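Engineer: Dropping a structure here in structure tokens format, bear with me for questions.
Just so it is clear, none of the values below were taken in a lab; they were calculated from the coordinates. The model shown is predicted, which means the values in this text are computed figures rather than measured ones. All Cβ positions, glycine included, derive from the backbone under ideal geometry; neighbour counts span all protein chains shown.
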Amino acid sequence: MMPFLVGSHVYGTPRPDSDIDLVVRMEPEVAGRLYELAGQSPDGPLRFGKLNVIPALDDEQYRAWTRGLACVLALRSEGKPVDCATARDIFRAEPAIHGTPSCTVPFTPDGDPVPF
């Protein structure tokens, strides 16, 4: 599973002070060790300057992030603006992240979003 970007740089609304958000699939023990080495609390992304590493701790969480990203990109492809609040609402609605799905996108048999 490949790491991928989320956040304003992907959604098309970055500001000069925007950070970069990278979702990475990793085992919980690896994430725990990275938080420990970085001296950070595991209640959010790992922050390294303007880079935020968002650990996806299992395959379902990783797929939830890809579904959320697919929803955001679908809105953009329809010409709808996507700001930080809209993207946050979409990701918070993903079951493996926070709730129930907020939109439906087609998926391959492997569970990956169908490219646009």
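Engineer: Taking only Cα atoms of segment 1-97, what ratio of Rg to Rh do you get with Rh as the Kirkwood inverse-distance radius?
Structural biologist: Here Rg/Rh amounts to 0.97.
Engineer: Next up: Excluding Arg25 itself, what net charge comes from residues whose Cβ is under 10 Å from its Cβ, given Lys and Arg +1 and Asp and Glu -1?
Structural biologist: Here the count lands on -2.
Engineer: Sticking with this structure for a sec: Starting at the first residue of segment 73-80, write each ³J(HN,Hα) from the Karplus equation 6.51 cos²θ - 1.76 cosθ + 1.60 with θ = phi - 60°, in whole Hz, x for Gly and Pro.
Structural biologist: Each residue's phi maps through the Karplus curve to give 5, 5, 4, 4, 5, 8, x, 8 Hz.
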